[in-house]
1. How much accessible area per residue does region 137-184 have, counting only protein heavy atoms and a probe of 1.4 Å, in square angstrom?
2. Carbon-plus-sulfur fraction of the accessible area of region 366-483, 1.4 Å probe, in percent?
3. Would you please give the residues with an amide H less than 5 Å from that of VAL316, counting only those at least 5 places away or on a separate chain, with H modeled from the backbone geometry?
4. Provide the gained length on full extension for the span ALA340 to GLU107, in nm with one decimal, where the gain is 0.36 nm per separating residue minus the Cα-Cα distance.
5. Can you list residues from other chains, or at least 5 along the same chain, whose modelled amide H is less than 5 Å from the amide H of THR61?
6. Rounded to the nearest 0.05, what FRET efficiency is calculated for ASP317 and ASP53 with R0 set to 45 Å and r the Cβ-Cβ distance?
7. What is the percent carbon and sulfur in the accessible area of region 114-160, measuring with a 1.4 Å probe over the protein chains and ignoring ligands?
8. How big is region 187-350 by the Kirkwood estimate over distinct Cα pairs, in Å?
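The values are calculated or read from the model by the stated rules, or taken from the named source; none is laboratory data. Here the structure is a predicted model, which means the values were calculated and not measured. Because the Cβ atoms are built from the backbone with ideal geometry, glycine has one as well, and the counts that use them run over all protein chains shown. Accessible surface areas use protein heavy atoms only, side chains included; no ligands, DNA or RNA. Shrake-Rupley method; radii C 1.70, N 1.55, O 1.52, S 1.80 Å.
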Amino acid sequence: MSREAGSPIGRRRALQIGAGAAGVAGLGAVGVALRSDGDAGTVSAYPEPEYGDPDRTYRLTASEHEIDIAGGDSYDGWTYNGAYPGPEIRAVEGERVRVVVENDLPEETTVHWHGMTVRGDNAMDGVPGVTQEAIAPGDEFVYEFDAEPAGTHWYHSHVGLQLDRELLGPLVVEERNPHVEYDAEHTLILDEYLPEEPRVETADGMDGMGGMGGMEGSFPGAPPASGTLVNGALPSDPAEFEITEGERVRLRLINAAAATMYAVGIDDHRLTVTHADGPAVDPVTVDTLEIGMGERYDIVVEGDSPGRWPIRIAPVDSVAPAGRAVLAYEDATDGIDEGAIGGHRLQYADLRSLAPAPGVGGSPDRTIDLELSAGGAMGMMGGSGDDGEWTINGQAFPDADPIRIQEGEHVRVRVRNRSPMRHPMHLHGHHFQAGDVVKDTITVPGHMGQVEFDFVADNSGKWLFHCHHLYHMETGMVRIVEYV
Ligand code: C2O
Ligand code: CU
């Protein structure tokens, strides 16, 4: 008996395989691998998987589950293994990872490994209708991929608005030789507090969307968040991250919010940025940084100022209340101190990746120009498309042409923004080079802002390129990049 990674299998069949396993070579371990993990909130790693021998095997069960926000309410959300944020998936760079995803939701789902190149494994990318058929309720799907590149990544549902029902979790790939030293590490998942069921809202005019109040038309967006969470906690019962005086702690920041960018700073401490979207950068020390939806930064903080200091998470272009966690020195007494935060905010131009994306020197073989805009009334700003849509070159996905590229090409993408909002644009299956930094998600500034990035087409398949504002994505700001 053999089962390829990627083959959907019905729950019933999985249970039969497990039940009939005794005494039949090769089946026993499958039964073990498909056993249900009763311990909600933990990931079960199975020591001896039988088919294909990955280095790590995890199981994620997506189901409706109560989410209990520290300092807030309990509400019915959707989770992996009953936990929000979902359980950490961790591997060492280069290892083969298998994740068995079981769908206990009332609707279909998939999981995308945000930041994993999934080289040679396009079918493992988790995009419904593009790289796989969505996993039906009651079914399972076996994902497998190489843990590359190293760094801080995450996983999330790629179906509809499920990300905003909290189907998300961290995915950490440890480097074999880190270029910075640190004594401890913590992962911080930044997110909106949104106990209601997510739905696309339509705002009239541009109020709250960059200060262009009074314009005609309607613009699809997110429901207003009622707060900012760090690892599922509000400021009234904040998440605490320990640091020891004289030591260095690495903080892995993940913006998992559907629709909010955040500015991050820590009272009385500076932030040394060491990694951007996974890969290492020349360490650069700043006071604050902005992180768009889908982006990750790793920072190292020096333990040189004992106390209990706020880690401040301020929503950008949003009226949602700020989030706060605590950087807590061992032995510091209760309460939270107040200190100062300096004024140097990280810019993309400050970032220099240690290993540039290969093959992107010189001039590109192909340049692709893309314009981001809102349909309808925004047409007067150079866009087209219908009211209630966000478009790329006037087209709203799925009624949009694929972007065709060829294996081996050096591709340059120039993205211009004809809307007032910022858009964090994410390319699946590749890390690209923007200036001196290698990333997979890059925020295009509002009001005619522009970014340009290069990559070599070295991973054939069909890959999504989209805005990581979930509600822009849901209403059309998506293209398929297809190798021909
Ligand atoms: Cu993090 Cu296409 O997504
Ligand atoms: Cu957007």
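1. 30
2. 42
3. Sorted by chain and number, the residues that satisfy this are MET261, TYR262, ALA263.
4. Additional length available on full extension: 79.1 nm.
5. Amide H neighbours of THR61: ASN81, GLU102.
6. Between ASP317 and ASP53 the formula returns 0.40.
7. 47
8. Evaluated over region 187-350, this radius sits at 16.8 Å.
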